[in-house]
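Step one of this worksheet: look at the structure below.
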Amino acid sequence: FDDGRAGAGLIDLFTTARRAASGGTVRVFAFDLPGGVVGTIATPEVAAMLNTPRDQFMAETAVAAIEDWSARQGPGIAVLLAGSLHSRIVRYPEIDEPHLGELLVERFPQLVTLEGHWTGGQFRAATSPRGAEIHDAQGIPTPAGSIGRHYRDEEVQRYGHHGWVNVGLLTPSLPLG
């Protein structure tokens with residue numbers, strides 16, 4: 001499904017993460033709500049899942065996977081990759097449903113969310129019914145490679161995240177296949 005989330009860059013990310021953790025164990029799982037296909041017949045379980053708000057579904061799935069992993073492997077660090085809006089721990093006033101970050105920080109108070117920054121470039125995202133398209137990325141004024149933390153509560157409230165990581169110049173990830 002070409003919506004900008006599945007691409008060669010994601011495969012590269014998983015490969016790099018696996019290599020970086022070669023001395024330990026890395027577990028990768030998907031935790032987004034699958035898209036429904038119009039005209040298909042869903043089981044009652046799938047229908048209930050598709051009627052769950054997206055961020056709530058992602059949070060429940062992530063919590064279950066983290067708790068299962070921790071029960072089998074012991075405590076550890078979990079890194080989740082989610083879009084900037086989803087990872088916010090402070091909700092935008094015009095959005096009714098809680099964000100993934102809000103829900104996760106309730107369960108894991110030690111959670112730290114970092115907003116992605118970049119210096120410019122291009123990215124692929126689904127912005128029309130045609131699927132993912134390439135867009136120009138406006139740079140965010142933090143230095144490439146920087147990682148920062150907001151220490152004051154009013155900064156976290158203002159930005160919605162605990163800090164940021166600047167990944168440098170963006171390049172679009174090509175679709176798989």
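Looking at the structure I just gave you, is Phe29 modelled with pLDDT under 75 and within 15 Å of the chain's Cα centre (by Cα)? Give the steps one after another, and end with the answer.
Details: modelled with pLDDT under 75: yes; within 15 Å of the chain's Cα centre (by Cα): yes.
In short, yes.
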Segment 119-165 - residue that is open to solvent by 80 Å² or more (accessible area, probe 1.4 Å) and hydroxyl-bearing (Ser, Thr, Tyr) and, of those, farthest from the chain's Cα centre (by Cα): Tyr151
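Checking the condition of a type in the set (A, V, I, L, M, F, W, C) and touching a helix residue (DSSP H, G or I) at 6+ places or on another chain (Cβ under 6 Å), which residue from Leu176, Leu100, Leu169, Leu114 passes? Don't jump to the end; show me each part of the working.
Numbers: Leu176 fails: touching a helix residue (DSSP H, G or I) at 6+ places or on another chain (Cβ under 6 Å); Leu169 fails: touching a helix residue (DSSP H, G or I) at 6+ places or on another chain (Cβ under 6 Å); Leu114 fails: touching a helix residue (DSSP H, G or I) at 6+ places or on another chain (Cβ under 6 Å).
Being of a type in the set (A, V, I, L, M, F, W, C) and touching a helix residue (DSSP H, G or I) at 6+ places or on another chain (Cβ under 6 Å) holds for just one of Leu176, Leu100, Leu169, Leu114, which is Leu100.
Does segment 108-115 include one or more residues that are open to solvent by less than 40 Å² (accessible area, probe 1.4 Å) and under 20 Å from Gly168 (Cα atoms)?
To start, the set of residues in segment 108-115 that are open to solvent by less than 40 Å² (accessible area, probe 1.4 Å) comprises 108, 113.
If we keep only those that are under 20 Å from Gly168 (Cα atoms) as well, we get 113.
Looking for residues that are open to solvent by less than 40 Å² (accessible area, probe 1.4 Å) and under 20 Å from Gly168 (Cα atoms), one finds at least one in segment 108-115, hence yes.
The values are calculated or read from the model by the stated rules, or taken from the named source; none is laboratory data. As the structure is a computational prediction, the values presented were derived from the model and not from experiment. All Cβ positions, even for glycine, are placed from backbone atoms using ideal geometry, and neighbour counts span all protein chains on display. Side chains are part of the model used for accessible areas, which takes the heavy atoms of the whole protein and leaves out ligands, DNA and RNA. Shrake-Rupley method; radii C 1.70, N 1.55, O 1.52, S 1.80 Å.
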